[in-house]
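J.: Sending over a structure as structure tokens; questions will come in a sec.
Readers should treat all values here as calculations from the given coordinates under stated rules, not as data from a laboratory. Bear in mind the structure is a predicted one, so any value in this text is a computation, not a measurement. Cβ coordinates were reconstructed from backbone atoms using ideal geometry, including for glycine residues, and neighbour counts include every protein chain displayed.
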Amino acid sequence: MKYFYLIANLAKELVPETRAYIIDRLEKRGAQCRFLSPAQQNKYGKHTPSELVPSKTECVITIGGDGTLIQAARDLAGRNIPLLGVNRGHLGFLNQVSTEEEIEEAIEALTQDRYELERRMMIRGTVFHEGKPVFQDIALNEIAVTSQVPLRVLRYQVSVNDEYLNHYSADGVLVATPTGSTAYNLSAGGPVMAPAGRMMALTPVCPHSLNARSIVLAPEDRVRIGVSNSGRVFFDGDSTADLETGDSLAVERSGLETVMIRRKKQSFMQNLSDHLSGI
């Protein structure tokens, strides 16, 4: 690899210094780096318009937390540019690089074409009002539905492949990908899924029932969530759409995927064990 694009959350501690270090190390190896100018950063905020990333870009390096990488995946969806995350956040399940030693090792591997790629499943959500689609977006982690009114229970029913499943009263509900299974889904008591898997987790959030449990679904399944009171849909905690009484949300596998660079030195199980044990 020779052509890199850097996406950095400059509001986080040590991110500006980390970006400068990465640029220095890459350029010393003959690589070329591009990134948003200060004026563009102020204009677009946390977003990176896809058209500003050159077509010859071979790798996007994100510097920040998992949210920075997720936002980059959403902004660049369909480009199939491999992503590598450098962690300057908290948990950093998605960002496998953190220390200067790991950064140096990763840069050496990338510039010498010694790396593995992993394709991550994404999901698509479509909001229906009076039976007609009115909003659609994608997610790498999860699509979540909550009540529009804070601290108000959301009442909804779920069907899978047009077959009725159950009625629920809960704080909300989410559909998570394997990548997102270690995020909101994990906090809500949902299962952890291997990130390269092809499946979805349907997880009630704080259900008002003792028998409401998370369900793992096949990638070809189509979930339909109909609300009995007003709700709000969140796509990776970024874009939102409101649901009125009687509206519904359909969630299914997207045709788009996120391409991640995986370090050969660390398996998913090792990464998961480190985070769960607080390392």
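J.: Helix-derived [θ] at 222 nm for the chain: sum -39500 (n - 2.57) over DSSP H runs of at least 4, divide by residue count, nearest 500?
T.: On the way: 6 runs with 56 residues, N = 279.
That calculation yields -5500 deg cm²/dmol at 222 nm.
J.: Among G65, T258, A218, which residue has its Cα furthest toward the positive end of the charge dipole of the chain, with +1 on Lys/Arg Cβ and -1 on Asp/Glu Cβ?
T.: It is T258, whose Cα lies furthest towards the positive end.
J.: With a 10 Å Cβ neighbour count serving as the proxy for reagent exposure, in which order, fewest first, do V60, V127 appear? Can you show the working numbers first?
T.: On the way: V60 26, V127 21.
Least crowded to most crowded, the residues run V127, V60.
J.: For a quick protection proxy, order the peptides 211-222, 238-249 by their average other-Cβ count within 10 Å, most packed first. Walk me through the intermediate numbers first.
T.: On the way: 211-222: 14.4, 238-249: 16.7.
Descending mean neighbour count gives 238-249, 211-222.
J.: Helix 100-111 against the longest principal axis of the chain: what's the angle in degrees, Cα atoms only, rounded to the nearest 10?
T.: Helix 100-111 sits at roughly 80 degrees to that axis.
J.: Let me have the relative contact order for region 122-255, percent, based on Cα pairs under 8 Å that are six or more residues apart. Could the numbers behind the result be given before it?
T.: Numbers: 354 pairs, mean separation 42.8, N = 134.
Once normalised by length, the contact order is 32 percent.
J.: Let me ask something additional. With only alpha-carbon pairs counted, each pair once and no self-pairs, how large is the Kirkwood hydrodynamic radius of region 122-255 in angstroms? Before the final figure, lay out the partial values.
T.: Details: mean 1/r = 0.0699 Å⁻¹.
Every distinct Cα pair counted, the radius reaches 14.3 Å.
J.: Taking the Cα centre as origin and putting +1 on Lys and Arg beta-carbons and -1 on Asp and Glu beta-carbons, what dipole magnitude results for region 122-255, to the nearest 20 debye? Write out the running numbers ahead of the final one.
T.: Details: 10 positive and 14 negative charges, 46 e Å.
Dipole magnitude for region 122-255 comes out near 220 debye.
J.: Also: Indicate, rounded to the nearest 5 percent, the antiparallel portion of the DSSP beta bridges found entirely in the chain. Write out the running numbers ahead of the final one.
T.: Values: 59 of 75 bridges.
Looking only at bridges with both residues in the chain, the antiparallel portion is about 80 percent.
J.: Could you list H167, H90 in order of exposure, starting from the residue whose Cβ has the fewest other Cβ atoms within 10 Å?
T.: Working: H167 13, H90 9.
With the fewest neighbours first, H167, H90 line up as H90, H167.
J.: With 10 angstrom as the radius, rank K43, K12 by how many other C-beta atoms surround their C-beta, starting from the fewest.
T.: Details: K43 11, K12 16.
Least crowded to most crowded, the residues run K43, K12.
J.: For a quick protection proxy, order the peptides 51-58, 114-121, 3-10, 192-199 by their average other-Cβ count within 10 Å, most packed first.
T.: Working: 51-58: 13.0, 114-121: 15.1, 3-10: 19.9, 192-199: 17.1.
Answer by packing, highest mean first, reads 3-10, 192-199, 114-121, 51-58.
J.: Can you give the angle from 0 to 90° between the axis of helix 15-28 and the longest principal axis of the chain, with both taken from C-alpha atoms, to the nearest 10?
T.: Approximately 50 degrees, to the nearest ten.
J.: Based on the alpha-carbon gyration tensor of region 149-215 and its eigenvalue square roots a ≥ b ≥ c, which shape applies: rounded if a/c is under 1.5, prolate if not and a/b is larger than b/c, or oblate? Walk me through the numbers on the way to the answer.
T.: Values: a/c = 2.19, a/b = 1.38, b/c = 1.59.
Oblate is the answer for region 149-215, as a/c is 1.5 or above yet b/c matches or exceeds a/b.
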